[in-house]
Amino acid sequence: MEPILQTKHLQKSYDGSHQILKDINFSIKQGEVVVIVGPSGCGKSTFLKCLNMLEPMDRGEIYLDGKSIEREGKNISLYRQKVGMVFQSYELFPHLNVMDNLLLAPRKVQKRKKEEIQKEAETLLLRVGLWEKRKAYPRELSGGQKQRVAIVRALLMHPEVLLLDEITAALDPEMVREVLQVVQELAKEGMTMVIVTHEMKFAKAVADRVLFMDGGIIVEEENPQEFFVYPKTDRAKQFLNTFHYAALEI
Amino acid sequence: MQDLGIQVLFRGNNFLRLLEGMWAALRIALIAMALSVLLGFLFGMLMTIHNRAIQCISRIYLETVRIMPQLVLLFLVYFGAAKHMGVNLSGEMASILVFTFWGTAEMGDLVRSALIAVPTHQYESGAALGMKKWQTYFYIVIPQSVRRLLPSAVSLLTRMIKTTSLVVLIGVVEVVKVGKQIIDASRYTNPKAALWVYGAIFLLYFAVCFPFSKLAAVLERKLAE
């Protein structure tokens, strides 16, 4: 099967010298869930931002459905509608209530009918257990609720691929679960997703393929059973060990 | 019969004239404020552009306006324009000009700080949903900034209304000038007129400014929620 989203030789540096991404070749197929793990500062979040073109890359190509995407111009909007993104800090619009947060982009960007989107939004809210909160403002929601709204907001654009950037990193432990459950359900339904996370158990459960990044390169690429039990490289072993330590300390 | 002091306010159409004077002052403030909001938004957005030259020029403009007393600006425009440029501005026109010049700078600075107070993530969030730059500005950034700057904008308006009392010095017939005329006219019949007339002007200014200042306080409280 042809990859739906692909990067070739993606490179990115800050201030011209510090190279944060060195030649990333990445691809994901329709319905696949790829989880990217790695130590802080390894470039995984930057990579997601480059994938969404929120960060300009220095060199390389991005292909969606086999077509090369231009880095500038009006096609970027169209591209971003197909490649949705959810952030660590939710970034709901604080001046709009939940429903208006959801309706804004489908109405203004995709020019869809309000009734149609509203119906769809209500169905999705019902599914993530937030239908009663549709009139609430972001400040009235918990972190976990906000993140579920953010996921629904991204889904309403009908993206072909969804990028999730450490979406549980800012949440209290008891809220992590409610958010990850939603993601797991999406995975079951065949949503194509690229997930950056520090939740190793979740990664193991949801991933079709795990990428281990370190120092701006993809060090290891494996199925989760293999990666989490028999990591090949020392760097990956070391990285996974830190999580075991963390678990021991508790 | 000896006049009661307060009667000076109601002799002839004195009170109506005071109200008209108040309106003349208020009109200058409102027109200048409306222009300041429009121009201030543009100026504020301009100031967020990372460009040395633009930032330097706006800084100079802002500091000039802040350092210079409004009265000096009024004199400069009213007398200076007539003398050196041969432009004969009416007092009201000169006042509106000066107040707009002042208000645009202050408003611009409010807009600038409100715009940069919106986190970059909000811009990214809009972009990630496929919104174009202007859409992100229009639907996300500006509504949030307006909320942020509304209290200070309203208090700028009250300051402007108060400062209109200066324009009497370039010959605009506003509430203070009308008051002076009434006092002068009743100098012999009512020696205590000054107290009553200025008292009435005080109350008029209070009646106009208090609601705005209250509004600013309410907005501030709402914003803090």
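Search the stretch A:99-109 for residues being under 10 Å from A:Y137 (Cα atoms) and surrounded by fewer than 22 Cβ atoms within 10 Å (Cβ to Cβ), and hand back the single one that is nearest to the other protein chains (Cβ to nearest Cβ). Among those residues, the one meeting the criterion is A:D100.
Condition check ((1) in contact (Cβ under 8 Å) with a residue 40 or more places away in the chain; (2) in a helix (DSSP H, G or I); (3) open to solvent by 60 Å² or more (accessible area, probe 1.4 Å)) across all residues:
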{"position": "B:I28", "(1), (2), (3)": "yes, yes, no"}
{"position": "B:I31", "(1), (2), (3)": "yes, yes, yes"}
{"position": "B:V37", "(1), (2), (3)": "yes, yes, no"}
{"position": "B:H50", "(1), (2), (3)": "no, no, yes"}
{"position": "B:C56", "(1), (2), (3)": "no, yes, yes"}
{"position": "B:Y61", "(1), (2), (3)": "yes, yes, no"}
{"position": "B:V77", "(1), (2), (3)": "no, yes, no"}
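Counting only residues that are at pLDDT below 75 and either part of a helix (DSSP H, G or I) or surrounded by 15 or more Cβ atoms within 10 Å (Cβ to Cβ) (or both), the stretch B:1-21 holds 1 of them. Restricting the stretch A:77-98 to residues that are in a loop (DSSP other than H, G, I, E, B) and more than 7 Å from chain B (Cβ to nearest Cβ), the residue that is most open to solvent (accessible area, probe 1.4 Å) is A:Q88. Residue-level check: of (1) open to solvent by 20 Å² or more (accessible area, probe 1.4 Å); (2) part of a helix (DSSP H, G or I), A:P39 misses just (2). The set of residues in the stretch B:136-171 that are of a type in the set (S, T, N, Q) and more than 16 Å from the chain's Cα centre (by Cα) comprises B:T136, B:Q144, B:S145. Within the stretch B:79-93, being more than 17 Å from the chain's Cα centre (by Cα), aliphatic (A, V, I, L, M) and surrounded by 11 or more Cβ atoms within 10 Å (Cβ to Cβ) holds for B:A81, B:A82, B:V87, B:L89. Residues of the stretch B:114-137 that are in contact (Cβ under 8 Å) with a residue 24 or more places away in the chain and either part of a helix (DSSP H, G or I) or more than 12 Å from every other protein chain (Cβ to nearest Cβ) (or both): B:A114, B:L115, B:I116, B:A117. State whether one or more residues within the stretch A:112-120 are surrounded by fewer than 15 Cβ atoms within 10 Å (Cβ to Cβ), free of Cβ contacts under 8 Å to residues at least 40 places away in the same chain and in contact with a helix residue (DSSP H, G or I) (Cβ under 7 Å, 6 or more places away or on another chain). Among the residues of the stretch A:112-120, at least one is surrounded by fewer than 15 Cβ atoms within 10 Å (Cβ to Cβ), free of Cβ contacts under 8 Å to residues at least 40 places away in the same chain and in contact with a helix residue (DSSP H, G or I) (Cβ under 7 Å, 6 or more places away or on another chain), which makes the answer yes. Scanning the stretch A:42-62 for residues that are open to solvent by 20 Å² or more (accessible area, probe 1.4 Å) and of a type in the set (D, E, K, R) returns A:K49, A:E55, A:D58, A:R59, A:E61. In the set (1) within 14 Å of chain B (Cβ to nearest Cβ); (2) more than 19 Å from the chain's Cα centre (by Cα); (3) farther than 27 Å from B:S145 by Cβ; (4) part of a helix (DSSP H, G or I), the condition left unmet by A:R139 is number (3). Of note, B:S186 does not satisfy the criterion of being farther than 29 Å from B:M22 by Cα and more than 14 Å from every other protein chain (Cβ to nearest Cβ).
The values are calculated or read from the model by the stated rules, or taken from the named source; none is laboratory data. These numbers were taken from a predicted model, which means no experiment stands behind them. Glycine gets a Cβ as well: all are built from the backbone with ideal geometry, and neighbour counts include every protein chain shown. Heads up: the accessible areas ignore ligands, DNA and RNA and are worked out on the full protein's heavy atoms, side chains in. Shrake-Rupley method; radii C 1.70, N 1.55, O 1.52, S 1.80 Å.
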